[in-house]
Amino acid sequence: MRVRVLYFARSREVAGAPEEALDLPPGATTSSLLDDLRSRHPGLAGVLTSCVVAVNHEYVAAGEAAELREGDEVAIIPPLSGG
């Protein structure tokens, strides 16, 4: 199945792109996707520990693994700061 991953802020810098489409096996979850992203972009490992993940504009609780479906949009959102 194909999902679209959107990167924001620091995750965008590390991934080197604002988004990418990934083919995942059936039954993939947000947890398995994050593992895949760590393999594809080793620099994301440190960033992902503090990121929020949203699937189709719905936040996924930290530590939970939401099942992904064909066409889902997954946002990787690091904490923002500034003033």
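Taken together, the values in this text are just the output of simple stated rules run on the coordinates, not laboratory data. Bear in mind the structure is a predicted one, so any value in this text is a computation, not a measurement. As a convention, Cβ positions derive from the backbone with ideal geometry for all residues, glycine included, and neighbour counts pool all protein chains shown.
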> Under a 5 Å amide H to amide H cut-off, with H placed in plane at 1.01 Å, what residues pair with residue 29 once short-range neighbours are removed?
Replying inline: 68
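Suppose every Lys and Arg Cβ carries +1 and every Asp and Glu Cβ carries -1, with no other charges. What dipole size does the chain come out with about its Cα centre, to the nearest 20 debye?
Working: 7 positive and 12 negative charges, 55 e Å.
Here the size comes out at about 260 debye.
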>> Helix 30-40 against the longest principal axis of the chain: what's the angle in degrees, Cα atoms only, rounded to the nearest 10?
In response: 70
> Among bridges DSSP assigns within the chain, what percent are antiparallel (round to 5)?
Replying inline: 75
> How large is ³J(HN,Hα), in whole Hz, for each residue of the range 11-20 in order, when computed from phi with the Karplus curve 6.51 cos²θ - 1.76 cosθ + 1.60 and θ = phi - 60°, using x for Gly and Pro?
Replying inline: 5, 5, 4, 5, 6, x, 7, x, 6, 7
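Shape call for the range 2-77 from the C-alpha gyration tensor, a ≥ b ≥ c root eigenvalues: rounded (a/c under 1.5), prolate (a/b greater than b/c) or oblate? Before the final figure, lay out each step's value.
Working: a/c = 1.44, a/b = 1.29, b/c = 1.12.
Rounded, because the longest to shortest axis ratio a/c is under 1.5.
List 49, 30 from most exposed to least, where exposure is judged by having the fewest other Cβ atoms within 10 Å. Don't skip to the end; give the middle numbers.
Values: 49 9, 30 20.
Ordered from fewest to most neighbouring Cβ atoms within 10 Å, 49, 30 come out as 49, 30.
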